[in-house]
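Each value in this text was obtained by applying a stated rule to the coordinates, not by laboratory testing. In this text the structure is predicted, and so the values were computed from the model without any measurement. With ideal geometry, Cβ positions are generated from the backbone for all residues, glycine too; neighbour counts draw on all protein chains shown.
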Amino acid sequence: MYAMVVNRGVTKLTPGRDRGRLSPCVCNTLRMVTRVVTQLYDDCLRPSGLRVTQFSILAAIARLGESSLKQLEDELAIDQTTLTRSLSLLERDGVIERASHPDGRIKAMRLTAKGRRALEAARPLWAQAQAKVLRELGATAWADAQRRLTRLHHVAVTKRRLGREGRRV
């Protein structure tokens, strides 16, 4: 097992046996791990001026091309309020812009030239963070974790969708 340790503003993965630090609550444990892993990626991305949340949004827009709010919500599994706030900040910074859409009711975004440059500058820094985590965790352990997290994601999305549909009846 590995623990994340923040020392002098730098986040590192360190081997540890202190399993007592993790919560028995699935949600709390996932949130704890997510926070420290996010800090690690943010530390690596700092020279680019992007945070990992911003990098993820820019990378999704680059992958999808012109992206509607709904496409980005689905791609990133993020709620509309959080996504809208993040997109507004990225638009303010000039890295994304609104794209026209045949259906004027649909809000679509695309990268600007500045956004493409920012993303390209950040990619090698993201790769360093990814390599750091994979080196400590191990590719096999990550593949297993990814498989299990994919299952958890599927279960949570399905249960949430069924819960919403049940309320509509």
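Listed values, structure above:
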| quantity | calculated |
| --- | --- |
| Within the chain, helix-based [θ] at 222 nm, where runs of 4 or more DSSP H residues each add -39,500 (n - 2.57), nearest 500 | -22000 deg cm²/dmol |
| Cα gyration tensor shape of the chain, rounded if a/c is under 1.5, else prolate or oblate by comparing a/b with b/c | oblate |
| Per-peptide average of other Cβ atoms within 10 Å, ordering 23-33, 109-119 highest first | 109-119, 23-33 |
| Of ARG35, ARG98, ARG151, the one that fluctuates the most in a GNM where the chain has Cα springs shorter than 10 Å | ARG151 |
